[in-house]
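The values are calculated or read from the model by the stated rules, or taken from the named source; none is laboratory data. Every value quoted in this text rests on a predicted model; they were computed, and no experiment measured them. Every residue, glycine as well, gets a Cβ built from its backbone with ideal geometry; the counts of neighbours run over all protein chains shown.
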C-alpha cells in the first residue's frame, strides 16, 4: 500500500486549480454523504477543474438535501449519484424541463441481490438458483440474512420470504439489527469458507472484496415487485430485483450554459464491479475519499481520458506520470 502521505502529496498536486479559461465559469457540484458519491464528485471536480478550467465549488449534500435544493433553488449545477427512486421529485423536475439526466452513475444501475459465496456454487452449482437452495437448506446453513427493520429492502425481502416459504423449507430468517452487522457476517463467513445466504446491494465494498454469486430468483415482474414493496398489498409473489436508476444529474441551465462541461459529465459512468473494487480498496486501506479519488485517477487514466474532449485531454496529460 502506498503511504498515505504520498496520496496527500498527489492530491495536492493534482487538484491545484489551473488558470480558468473563458470557456468554463463557476460550477457547483453536490457531494453525497457516502463513499461512492464522494468518489464520483471528486473525479468530476478534478476533470472540470484541470481539464476544462472550471471554477468548482463542492457542496456537501445527501439525497433529500440535493433534490430539495434543486426544486427550490435550481442548484447545485451537478448532482452525481442521485438515487432517483428515493427522490421522486426528480421526475417532476425533469418533466418541467429543469433538470436532465447526464449519465448513469453505474453501468448496471444500483443492484440488489440474494447472494451465496462462489465457493459454495463451485461445489454445489444448484445453489445458484432459489430452487436449488430451497431443495438443499442445509447447504446454505439453514439461514437467510435479512435487512434490519425499517429498511426498504426489508419490506421486499419479507414479501419474498413469505412467497417462497423459506421457513417452511427449513431456512430460518435472521433479521440483522444494523447495517454494520450485514457485511461483517458476509466477511466472517467468506473468510472461514462457511455457508452463507443473504441479501446485499451494489456497488459496495463486500461485493468488490469477496466473490459472491447472485442467486437466480427467476424473471423480474414489475407488478409482482411493486406489490412486494407495498405493505398494503396481500398478493406477494416471486420476482427478481430490478436495477435501481442512479443518475448523474445536471440542471438544464448548466447544460445550456456549459455545454462542454455537460458533455464530459455525460460520459462519466463506472462499471459496477469497478466501483465495488474501489470501495473495497478504500475500506481495506482505511483511506479517505480524496485518497480513493487519486487512486482511481492514477490507475485508470485511459478510462477517464476517454471521457474528455481533445482540448481537455491536452490539459490533463502528464498530471499523474
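So the values come out like this:
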item: Where residue 81 falls short, out of the listed (1) outside any helix (DSSP H, G or I); (2) surrounded by 19 or more Cβ atoms within 10 Å (Cβ to Cβ); (3) on the phi < 0 side of the Ramachandran plot; result: (3)
item: Filter pass, residue 86 being within 27 Å of residue 241 (Cα to Cα), surrounded by fewer than 19 Cβ atoms within 10 Å (Cβ to Cβ) and either assigned by TED's automatic domain parsing to the domain that holds residue 132 or more than 13 Å from the chain's Cα centre (by Cα) (or both); result: yes
item: Residue match in the range 208-216 (condition: under 30 Å from residue 56 (Cβ atoms) and at pLDDT 95 or above); result: yes
item: Only one of 174, 144 that is surrounded by fewer than 17 Cβ atoms within 10 Å (Cβ to Cβ), more than 20 Å from the chain's Cα centre (by Cα) and touching a residue at least 24 places away in the same chain (Cβ under 8 Å); result: 174
item: Enumeration of residues in the range 177-212 that are exposed (fewer than 15 other Cβ atoms within 10 Å of the Cβ) and under 21 Å from residue 34 (Cα atoms); result: 177, 178, 179, 180, 181, 184
item: Complete set of residues in the range 154-171 that are surrounded by fewer than 18 Cβ atoms within 10 Å (Cβ to Cβ), modelled with pLDDT under 95 and in contact with a helix residue (DSSP H, G or I) (Cβ under 7 Å, 6 or more places away or on another chain); result: none
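Let's see how each residue does on (1) buried (at least 19 other Cβ atoms within 10 Å of the Cβ); (2) at pLDDT 95 or above; (3) in a helix (DSSP H, G or I):
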| position | (1), (2), (3) |
| --- | --- |
| 42 | yes, yes, yes |
| 47 | yes, yes, yes |
| 65 | no, no, yes |
| 102 | yes, yes, no |
| 122 | no, yes, yes |
| 126 | no, yes, yes |
| 138 | no, yes, yes |
